[in-house]
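Enquirer: Pasting a structure here, questions to come.
The values are calculated or read from the model by the stated rules, or taken from the named source; none is laboratory data. These figures come from a predicted structure and were not determined experimentally. Virtual Cβ from ideal backbone geometry, glycine too; neighbours counted across all protein chains shown. Surface areas here come from the heavy atoms of the whole protein model, side chains and all, with no ligands, DNA or RNA. Shrake-Rupley method; radii C 1.70, N 1.55, O 1.52, S 1.80 Å.
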Amino acid sequence: GALLSLPPNTLMAFDPTRRVQREYPRVPGPGDEGYDASNPVMLHEAREQAAREYWINVMETRAIRNKLRDCYRQNGVNHLKECRTLALAYKARIESPEYAMPESEKTNPVL
């Protein structure tokens, strides 16, 4: 039988435990060769790509922060020594001028 029978186009609730890896084709963004801002499809794809990159960056930073918090809690008084690499990685990421800014928006923001 069917494992899941939902009507078509039914939105499912967000499940943070689900590990789905999706690959999207790289599309030209502002400043890239072949980018045409007057093409609405290309503009839409560039905006979607920028949003995906932004959220990936934010979620990677959040994962580092969560690992740092767990390390601090597990190591107690030894956290300065044991969690140093995570702390430095987190500090470098949040202090960088490009923090949470997609690659395609560093020089030319998508408007």
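Enquirer: Looking at (1) open to solvent by 50 Å² or more (accessible area, probe 1.4 Å); (2) modelled with pLDDT of 85 or more, find the lone condition where Ala63 falls short.
Expert: For Ala63, the failing item is (1).
Enquirer: Name the residues in the range 74-91 that are loosely packed, with under 13 Cβ neighbours inside 10 Å and closer than 15 Å to Arg62 by Cβ, would you? Lay out the reasoning, then the answer.
Expert: Initial filter on the range 74-91 (loosely packed, with under 13 Cβ neighbours inside 10 Å): 74, 76-78, 80-81, 84-85, 88, 91.
Hit for the range 74-91 is Lys91, nothing else.
Enquirer: Related question: In the range 40-60, what residues are open to solvent by less than 100 Å² (accessible area, probe 1.4 Å) and of a type in the set (D, E, K, R)? Let's see the steps before the verdict.
Expert: Residues of the range 40-60 open to solvent by less than 100 Å² (accessible area, probe 1.4 Å): 40-43, 45-46, 48-54, 56-60.
Glu45, Glu48, Arg52, Glu53, Glu60, listed by residue number.
Enquirer: Against the condition among the basic types (Lys, Arg) and at pLDDT 65 or above, how does Arg52 come out, does it pass?
Expert: Answer is yes for this residue.
Enquirer: Could you check the range 40-104 for helices (runs of 4 or more DSSP H) lying wholly inside it with 2 or more residues that are in contact (Cβ under 8 Å) with a residue 12 or more places away in the chain and under 13 Å from the mean Cα position of the chain (by Cα)?
Expert: Details: elements: 40-75, 79-82, 84-95.
Hits in the range 40-104: 40-75.
Enquirer: Determine which single condition Ala100 fails, assuming it passes every other condition in (1) in contact with a helix residue (DSSP H, G or I) (Cβ under 6 Å, 6 or more places away or on another chain); (2) at pLDDT below 55; (3) small (Gly, Ala, Ser).
Expert: (2)
Enquirer: Hey, another quick one. For the structure I just gave you, tell me whether Tyr24 is farther than 21 Å from Pro97 by Cα, of a type in the set (Ser, Thr, Tyr) and without any contact (Cβ under 8 Å) to a residue 24 or more places away in the chain.
Expert: Answer is no for this residue.
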